[in-house]
Amino acid sequence: MTQNLPLPAILTDLSPEVAEEAKQCALEIIAAGDLVWQREMVAANDGNISARLSNGWILCTPTGISKRGMTLADLVLLDPSGAVIAGENHPSSEVKMHLRVYELAPEVHGVVHAHPTFATVFAVNGAAPPTDLVAETVVLMPTIPVAPFAVPSTQEVPDSISAIVPQSSVCLLEHHGALSWGGSVMDAYYQMERLEHVSKLGFYCKLIGADRSIAPERLAQIKEVFSL
């Protein structure tokens, strides 16, 4: 395969099954890109999104392009090591984070990195938002790890999340933003959306002095009911 071949062109050289999977993953990446932009989780060209195909290849967003209104031709196809297979753009330098997630979590097929406002406020503070204010969070996002600060685009970034990936599906990146992952791109996006919701709730509850944790005995009941 010729490096830097346009992505739409290379799909014609693939088996129908792989080509169809790549197209579906691309549609999810494009949809998630529009959502993170609409929800103000990114500004300008910030953020990056990727999907892992069943053959191990990675489809990802390029550097320097807004997540709003992307097309198939904007995306880049990589092998599992991060080498470019196809695409006329350069992959985001933050794809190292994505590759580390895929390396450590075989069940993951989608990763989203964004800078949602409220989650990033907590990331700047180096502390996670409270997760015991409402029952839904206790059940669906009981812990939010914080990865220590790492200089963007360096190997420090994937190294900072390595211990977190097997234990969670989201994390804050200190002084940086947030990362989420899941069984598909949309699963990863929904995790990012929930993380921002939890962060927003925690921020405003703190602001008005309503940061009251659920009582320990009631927390125990919730965990018993949901087998946590």
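The values are calculated or read from the model by the stated rules, or taken from the named source; none is laboratory data. Predicted model, so just to flag it, every value in this text is computed and none were measured. No Cβ is skipped: glycine too gets one built from the backbone with ideal geometry, and neighbour counts run over all protein chains shown. Ligands, DNA and RNA are excluded from the accessible area calculation, which covers all protein heavy atoms including side chains. Shrake-Rupley method; radii C 1.70, N 1.55, O 1.52, S 1.80 Å.
Give the residues of the stretch 129-150 that are within 10 Å of Leu173 (Cα to Cα) and assigned to a loop (DSSP other than H, G, I, E, B), sorted by residue number. Lay out the reasoning, then the answer.
Step one: filter the stretch 129-150 for residues within 10 Å of Leu173 (Cα to Cα), giving 145-150.
If the condition is that a residue be within 10 Å of Leu173 (Cα to Cα) and assigned to a loop (DSSP other than H, G, I, E, B), then Pro145, Pro148, Phe149, Ala150 are the ones that fit.
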Which pairs turn up if I take residues in the stretch 22-41 that are over 25 Å from Ala86 (Cα atoms) and touching a residue at least 40 places away in the same chain (Cβ under 8 Å) and look for partners that are open to solvent by 60 Å² or more (accessible area, probe 1.4 Å) and not charged (D, E, K, R) with beta carbon separation below 7 Å, at least 6 apart in sequence or on another chain? Glu40/Thr117
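Residues in the stretch 92-113: is at least one open to solvent by 30 Å² or more (accessible area, probe 1.4 Å), hydrophobic (A, V, I, L, M, F, W, C) and not in a helix (DSSP H, G or I)? Even if it seems obvious, please write down each step before you answer.
So the first thing to find is which residues in the stretch 92-113 are open to solvent by 30 Å² or more (accessible area, probe 1.4 Å), and the list is 93, 96, 99-100, 103-104, 106-107, 109.
Still in the list and also hydrophobic (A, V, I, L, M, F, W, C): 99, 104.
The next check asks that each one be not in a helix (DSSP H, G or I); those that pass are none.
No: zero hits.
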In the list Gly82, Gly64, which residue meets the criterion of being open to solvent by 50 Å² or more (accessible area, probe 1.4 Å) and in a loop (DSSP other than H, G, I, E, B)? Gly64
Under 6 Å between Cβ atoms, at least 6 apart or on separate chains: pull out the pairs that start in the stretch 151-176 with a residue that is over 20 Å from Asn125 (Cα atoms) and end on any residue that is aromatic (Phe, Trp, Tyr) and surrounded by 20 or more Cβ atoms within 10 Å (Cβ to Cβ). Ser169/Trp181
Pairs please, first residue from the stretch 98-122 and closer than 19 Å to Gly202 by Cα, second anywhere and open to solvent by 50 Å² or more (accessible area, probe 1.4 Å), Cβ atoms under 6 Å, 6+ apart in sequence or on different chains. His115/Asp46; Phe118/Lys200; Phe118/Phe203
Somewhere in the stretch 179-192, is a residue buried (at least 16 other Cβ atoms within 10 Å of the Cβ) and touching a Pro at 6+ places or on another chain (Cβ under 9 Å)? yes
Can you confirm whether Ser160 is open to solvent by 10 Å² or more (accessible area, probe 1.4 Å) and at pLDDT 95 or above? yes
Mind listing just one residue for me: the one in the stretch 120-149 that is among the small types (Gly, Ala, Ser) and open to solvent by less than 30 Å² (accessible area, probe 1.4 Å) and, of those, nearest to Ser180 (Cα to Cα)? Ala147
Determine the pairs where a residue that is of a type in the set (D, E, K, R), located within the stretch 123-144, has a partner that is open to solvent by 40 Å² or more (accessible area, probe 1.4 Å) with Cβ atoms under 6 Å apart, the partner being 6 or more residues away or on another chain. Asp132/Ser213
If I go through the stretch 67-79 residue by residue, how many of them are open to solvent by less than 20 Å² (accessible area, probe 1.4 Å) and either within 20 Å of Thr12 (Cα to Cα) or not hydrophobic (A, V, I, L, M, F, W, C) (or both)? 5
Test set (1) assigned to a loop (DSSP other than H, G, I, E, B); (2) touching a helix residue (DSSP H, G or I) at 6+ places or on another chain (Cβ under 7 Å) - Ser153 fails condition number: (2)
